[in-house]
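Scroll down for the structure; my scribbles are underneath it.
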Amino acid sequence: MQRGREEYIRKGDGCVYYPDELIEEVRMKNDIVDVISGYVKLQKKGANYFGLCPFHNEKSPSFSVSSGKQMYYCFGCGAGGNVLTFVMEYENYTFQEALQMLADRAGVTLPKIEYGKEARARQNTGQGFWR
């Protein structure tokens, strides 16, 4: 769920709240060019970097990464976003998984998920959120 720019992650009955400042810290400590170049071969052309889009097949580079804006965009398929959305899309991660991966990469500690007694009991018995 999203409320304003504050992110909430639903896990069983509990919600984990990550303040905007923490999300922004993780994003800013992970330069988008450094992260994406671990997945895609990028070449600098002018102010931006270009490579073959990892989200569709192409022969000529239409995938643009802007270091200054910390954004990516593909002129072929329209995929675009920031470092978090790239990791979510490429790795097929949830927001929380992508945030955790990038936080680990940057050495940022995220708060641990705390479950209530009822949620832990359901998790241990294998019952899901919906009955």
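Laboratory data are not the source of any read-out in this text; all were calculated from the coordinates shown. Remember, it's a predicted structure, so these values are computed and weren't measured experimentally. With ideal geometry, Cβ positions are generated from the backbone for all residues, glycine too; neighbour counts draw on all protein chains shown.
For LYS112, the lysines whose Cα comes closer than 17 Å to its Cα, not counting residues fewer than 8 places off in the same chain, are LYS11. Each Lys or Arg adds one and each Asp or Glu takes one away; over the other residues whose Cβ falls under 14 Å from the Cβ of ASN30, this sums to -3.
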